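Worksheet: one structure, shown below.
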Amino acid sequence: MDLFSLKDKVVVVTGGTGILGGSFVLAIAAAGAKVVIIGRNKERLESKKNEVEAVGGQALAIQADVMDEAQLTAARDQILEAYGKIDGLVNAAGGNVPEALLLPEQDIFDLNIAGTKKALELNLWGSIVPTHILGATMRETGGSIVNISSVSSKKVLTRVLGYSMGKAAIDQYTQWLGVEAATRHAGKIRINSITPGFFLTEQNRRMLTNEDGTLTQRGEKIINATPYGRFGQPEELNGALIYLLSDASKFVTGITVTVDGGYTVYGGV
């Protein structure tokens with residue numbers, strides 16, 4: 001038996017049309033699962049669904065906002081009607097919001113409070129709400145939930161306070177829920193996370209690279225602080241993801257798998 005196979009499993013990916021989420025979707029399908037893609041943009045959802053089907057996979061695309069309980073409840077019902085169960089959930093929706101950034105020319109006390117709250121809520125509640133609506137279906141059948149943390153929860157990154165607080169809260173939530181689910185549901189449900197290092201996404205690309213592809217000052221600092229000397233590639237997260245979703249990790253809960261090219265352990269010398 002292939003412990004890393006997802007054959008006959010149904011796995012939901014929120015934020016499945018993003019750079020990282022989209023890579024997750026394809027990896028999950030390649031591992032044999034039926035993949036459910038949740039996102040807000042209908043055209044991008046259909047495009048990603050077509051990508052999966054073009055390589056022989058099976059996908060269901062559902063337009064929904066991870067912060068909207070009614071939409072997620074409807075999504076849950078649609079998934080159960082189509083497949084009868086949910087075996088895995090990947091909470092890939094999240095990221096920073098422009099109004100939450102503290103710009104270099106701003107004083108720290110000019111922080112946009114409303115924007116910071118928005119970033120925190122998106123990155124925390126954008127995982128909690130799907131977990132408690134979609135994850136609840138795993139009480140009888142069992143399953144695996146994978147959250148997405150960030151190196152910003154381990155080391156201080158300037159400018160992105162709301163995002164960092166949200167990801168730090170995700171770390172605590174992952175540990176808490178991992179313990180609670182294990183003790184209350186006889187070990188049927190496990191909850192873990194992945195901590196990515198720096199990957200170029202739609203949201204951070206302009207902070208890390210210039211229009212001509214060269215590094216910004218911030219990008220240079222990050223590369224210099226990463227022993228691998230480069231940004232990660234989205235597919236380099238997929239091994240950790242499949243491990244956490246598959247039966248290979250059936251006695252693992254409450255942990256994070258860090259995939260950061262050594263960034264969080266590097267002392268600078």
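Quick notes
- Thr195 sits among other residues whose Cβ lies under 10 Å from its own Cβ, and their net charge, with Lys and Arg +1 and Asp and Glu -1, is 0.
- Here the sum of -39500 (n - 2.57) over DSSP H runs of 4 or more residues, divided by the residues of the chain, equals -13000 deg cm²/dmol at 222 nm, to the nearest 500.
- Size of charge dipole - the range 67-129 - debye, nearest 20, with Cβ of Lys, Arg +1 and Asp, Glu -1, no other charges: 220 debye
- In straight-distance terms, cross-link reach from Lys118 covers every one of the aspartates and glutamates whose alpha-carbon lies under 13 Å from its own, apart from those fewer than eight places away in the same chain; here that gives Glu99.
- Computed over the range 10-265: relative contact order in percent, which uses C-alpha pairs under 8 Å that are six or more apart: 18 percent
- Placing unit charges on the Cβ atoms of the charged side chains and taking the dipole of the chain about its Cα centre, the candidate lying farthest along the positive direction among Asn192, Ile148, Ile37 is Asn192.
- Whether the range 10-265 is rounded, prolate or oblate, judged on the alpha carbon gyration tensor where a/c under 1.5 counts as rounded: prolate
- Rounded to 10°, Cα long-axis angle of helix 113-134 versus longest principal axis of the chain: 20 degrees
- Hits among lysines - C-alpha to C-alpha of Lys7 under 26 Å, sequence gap 8 or more where chains match: Lys34, Lys48, Lys49, Lys85, Lys188, Lys250
- 0 to 90° range, to nearest 10: angle between helix 19-30 axis and the chain longest Cα axis: 30 degrees
- Cα centre as origin, Lys/Arg/Asp/Glu Cβ charges: the range 14-156 dipole, Debye: 380 debye
- With at most 16 other Cβ atoms within 10 Å, longest stretch of the chain clear of loop chymotrypsin sites (Phe, Trp or Tyr not before Pro) (DSSP): 5-227
- Cα-centre dipole for the chain with unit charges at Cβ (Lys and Arg positive, Asp and Glu negative), debye to 20: 480 debye
Every read-out reported here was derived from the displayed coordinates using simple, explicitly stated rules and does not represent laboratory data. Given the structure is predicted, the values throughout are model-derived calculations rather than measurements. With ideal geometry, Cβ positions are generated from the backbone for all residues, glycine too; neighbour counts draw on all protein chains shown.
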